[in-house]
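Undergrad: Handing you a structure now.
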Amino acid sequence: MGALTCSRFKLHLRAGHTRDSGRVANEVPPLPPNKTVIEVFGDFIRYLMECTVAYIRDTHPNSAQFWESLKDNIAFVLSHPNGWEGYEQGKMRQAAVHSGIIEDTKAGHAQLTFVTEGEASLHFAIEQGVMNDADMKAGDGVVMVDAGGGTIDVSAYTYDRADDERPGRPFLFKEAFIPQSYFQGSVFVTIRAMEYLRGNRALCLSGYHLLFVRNACELGLSNGHRTYRSMF
C-alpha cells in the first residue's frame, strides 16, 4: 500500500462550535480513510519522538548511557492555538497516549503539559533576550503575534516589575486581555491565492493550457510558503 499525504491534520482537533468552523471544515483536507485525528496526530508524535531519540543516540557522547538516564524521566510540552481548552487538550492527550510517549495513567498524564502559542512565543522572546533589548519598564505592554500555518494567534501581556529581584524570575508578565486565535494562517492564504489565480480572467485568456497554469501557480505558492514565509 502506497503512502498517503496528510496535511493540516492538526486543525481537525478543533471543536466544531468555534467561529469559522464551517469555512475551516471546507478548506481542511480530509483525514486518510479509516483514520481518526487522534491516530494521525499520535503517529506524527511517535515519528518526532523516534527522530529525537535517533538524534540523541547518533550525536551525544555516551549516548546509550545518557538515553537510559533520561528516558523514564521526560516531561513533554505540546503547544496549541490560543483558546483551545479542555476539548482539544483532551484529544491531544489521547494522541500522546496513542503515540506511546506517555501511558494512559494519572502518572503518565502528569508528564504532559500544554502551552498556548502566545505563551510559547512570549517565553521564546524572553529566552532570546528580546525583552532585555526593549528595556521594558513596569506597566509596559507587549503584543505577541504568532502567524503560523493554520492560525494567527494574538496575545497581549503587561510587564510587572514587582518581581524583578526574585532569583530566577527576572520577568513577570500578566495577560492584558483574552488571547485570540484566528483561522487565517498561511495555508488559508495559499488557498485564497490559488482560488484567485485559477479564476483570473487574464490567465484563462493567456493561451497557456489551464493545467500548466495550475501547476505553475501551485509550484510558486509552495516555494513561497517554504522560503518567503520563513524569511519573514
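The values are calculated or read from the model by the stated rules, or taken from the named source; none is laboratory data. No experiment lies behind these values; they were computed from the predicted model shown. Reconstructed Cβ throughout: ideal geometry from the backbone, glycine too, with neighbour counts over all protein chains shown.
Undergrad: Checking the structure you have, find out if any residue of segment 166-173 is at pLDDT 85 or above and either assigned by TED's automatic domain parsing to the domain that holds Pro29 or not in a loop (DSSP other than H, G, I, E, B) (or both).
TA: Scanning segment 166-173 turns up at least one residue that is at pLDDT 85 or above and either assigned by TED's automatic domain parsing to the domain that holds Pro29 or not in a loop (DSSP other than H, G, I, E, B) (or both).
Undergrad: Assuming Gly150 fulfils every condition listed in (1) out of contact with any helix residue (DSSP H, G or I) (no Cβ under 8 Å at 6 or more places or on another chain); (2) buried (at least 16 other Cβ atoms within 10 Å of the Cβ) apart from one, which condition is it?
TA: For Gly150, the exception is condition (1).
Undergrad: Provide a single number: the residues in segment 74-89 that are closer than 13 Å to Ile101 by Cβ and not small (Gly, Ala, Ser). Full working, then the answer.
TA: As a first pass, look at segment 74-89 and keep what is closer than 13 Å to Ile101 by Cβ: 74-78.
Right, trim to not small (Gly, Ala, Ser) and you get 74, 76-78.
Residues that pass the stated criteria total 4.
Undergrad: Step by step: first the residues of segment 57-88, then only those that are under 30 Å from Leu13 (Cα atoms) and among the β-branched types (Val, Ile, Thr), then the one that is modelled with the lowest pLDDT. Which residue is that?
TA: Step by step, filter segment 57-88, then rank; the result is Ile74.
Conditions (1) assigned by TED's automatic domain parsing to the domain that holds Asp146; (2) free of Cβ contacts under 8 Å to residues at least 60 places away in the same chain; (3) out of contact with any strand residue (DSSP E or B) (no Cβ under 6 Å at 6 or more places or on another chain); (4) polar (S, T, N, Q), marked per residue:
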{"residue": "Met49", "(1), (2), (3), (4)": "no, yes, yes, no"}
{"residue": "Ile56", "(1), (2), (3), (4)": "no, yes, yes, no"}
{"residue": "Thr59", "(1), (2), (3), (4)": "no, yes, yes, yes"}
{"residue": "Asn62", "(1), (2), (3), (4)": "no, yes, yes, yes"}
{"residue": "Lys71", "(1), (2), (3), (4)": "no, yes, yes, no"}
{"residue": "Ile74", "(1), (2), (3), (4)": "no, yes, yes, no"}
{"residue": "Val77", "(1), (2), (3), (4)": "no, yes, no, no"}
{"residue": "Trp84", "(1), (2), (3), (4)": "no, no, yes, no"}
{"residue": "Gln89", "(1), (2), (3), (4)": "no, yes, no, yes"}
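Undergrad: If you take the residues in segment 92-112 that are outside any helix (DSSP H, G or I) and either among the hydrophobic types (A, V, I, L, M, F, W, C) or not assigned by TED's automatic domain parsing to the domain that holds Val77 (or both), which one is nearest to Arg14 (Cα to Cα)? So that I can check it myself, show each step before the final result.
TA: In the first step, residues of segment 92-112 are kept if they are outside any helix (DSSP H, G or I); the result is 100-105, 111-112.
From what's left, either among the hydrophobic types (A, V, I, L, M, F, W, C) or not assigned by TED's automatic domain parsing to the domain that holds Val77 (or both): 101-102, 112.
On the way: Ile101: 22, Ile102: 22, Leu112: 19 Å.
Selected residue: Leu112.
Undergrad: Sort through Phe177, Phe188 and tell me the only one that's modelled with pLDDT of 75 or more, within 17 Å of Pro29 (Cβ to Cβ) and either surrounded by 11 or more Cβ atoms within 10 Å (Cβ to Cβ) or among the aromatic types (Phe, Trp, Tyr) (or both).
TA: Selected residue: Phe188, the only one of Phe177, Phe188 that is modelled with pLDDT of 75 or more, within 17 Å of Pro29 (Cβ to Cβ) and either surrounded by 11 or more Cβ atoms within 10 Å (Cβ to Cβ) or among the aromatic types (Phe, Trp, Tyr) (or both).
Undergrad: Of all residues in segment 117-147, count the ones that are in contact with a helix residue (DSSP H, G or I) (Cβ under 9 Å, 6 or more places away or on another chain), among the charged types (D, E, K, R) and surrounded by fewer than 11 Cβ atoms within 10 Å (Cβ to Cβ).
TA: 1
Undergrad: Turning to a different aspect of this structure: In the set Phe41, Phe114, which member is without any contact (Cβ under 8 Å) to a residue 40 or more places away in the chain, among the aromatic types (Phe, Trp, Tyr) and surrounded by 16 or more Cβ atoms within 10 Å (Cβ to Cβ)?
TA: On the way: Phe41 fails: without any contact (Cβ under 8 Å) to a residue 40 or more places away in the chain.
Just one listed residue meets the conditions, Phe114.
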